[in-house]
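The values are calculated or read from the model by the stated rules, or taken from the named source; none is laboratory data. Note that this is a predicted model, so its numbers are computed, not measured. Here Cβ is always computed from backbone atoms with ideal geometry, including for glycine, and neighbour counts include all displayed protein chains.
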Amino acid sequence: MPPPNPPVPPANGPAPRPARAPLLTVSGVSRRYGDRVALQPLNLTLAAGQCVAVLGANGSGKSTLLRIAAGRDTPSSGQVSYGGRVMSEDDPVVRTEIAVIGEMVSAYPDLTVREHLQLVAVAHGEGRLAAGLVDRALAECRLEDHARALPGALSSGQLQALQLATVLVRPLRLMVLDEPEQRLDPAARRWLGGLLRAEKEAGAAVLLATHHTELAAAVADHVIVLSDGAVAAEGPPDVTLAVQW
């Protein structure tokens, strides 16, 4: 049998790069609670190094979508897959690779900021690297001066920074962030945008719900706008965010 012919380069230059395979796929997902439709069927794909931002008013379905995408709620129809496997919060791969920040801030009242981060790092198998990761997260999240503080001594913005720091001390491939800019002032929101861009450049995928169009414009590759549980608009941020919806 003769050897296969070598690929022929296109006449106008090198072949385009193949599209990245989706890491997260949301297919026809909807959610009902009794007679109330919280989320109408929608589709979403997200690859490594990309960000999808979901915008909309309170009650539009943003948090419902993120809970389903992270495996923390079951859709009424459709399916979510992660890395080609059906999404389940009980899957050890999901627990290892997906970092979630929800709307509520939670902290152990008797652990200092540093102890919180050490606990997260060790719990995710970063034992020997934990000290370095914690030092980096404290610096990145501007918490170095509060490393020995208990949660009760932190401001609301510092508590939010602690939640964000927890994702920096653990391995991850996907970040699911529900309004991570909450309780942050404008300067801190700009810092957050830079942090998320750096995580994308390092290969992480980001699914982000936000009220702030500036944050979406700074980070997102694709924007979905929800209204009453339905997609009102979607597309590239420079187009979608310029439309009144």
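Going through region 76-104 one residue at a time, which ones are among the hydroxyl-bearing types (Ser, Thr, Tyr) and not in a helix (DSSP H, G or I)? Hits for region 76-104 are SER76, SER77, SER81, TYR82, SER88.
Scanning region 176-199 for residues that are closer than 23 Å to VAL80 by Cα and either surrounded by fewer than 19 Cβ atoms within 10 Å (Cβ to Cβ) or touching a Leu at 6+ places or on another chain (Cβ under 7 Å) (or both) yields VAL176, LEU177, ASP178, PRO180.
Can we say LEU42 is in a helix (DSSP H, G or I), in contact (Cβ under 8 Å) with a residue 12 or more places away in the chain and of a type outside the set (Gly, Ala, Ser)? No: the conditions fail for LEU42.
Within region 95-108, residues that are more than 17 Å from LYS62 (Cβ to Cβ) reach partners that are assigned to a helix (DSSP H, G or I) and aliphatic (A, V, I, L, M) with beta carbons closer than 6 Å, at six or more positions or on different chains, in the pairs ALA99/VAL167; VAL105/LEU159. Restricting region 137-163 to residues that are modelled with pLDDT of 95 or more and not hydrophobic (A, V, I, L, M, F, W, C), the residue that is surrounded by the most Cβ atoms within 10 Å (Cβ to Cβ) is HIS146. Only a single criterion out of (1) hydrophobic (A, V, I, L, M, F, W, C); (2) at pLDDT 95 or above; (3) over 17 Å from the mean Cα position of the chain (by Cα); (4) not in a helix (DSSP H, G or I) is not satisfied by ALA107, namely (2). Do we find a residue being surrounded by fewer than 19 Cβ atoms within 10 Å (Cβ to Cβ) and closer than 24 Å to ALA233 by Cα anywhere in region 82-101? No, every residue in region 82-101 fails to be surrounded by fewer than 19 Cβ atoms within 10 Å (Cβ to Cβ) and closer than 24 Å to ALA233 by Cα.
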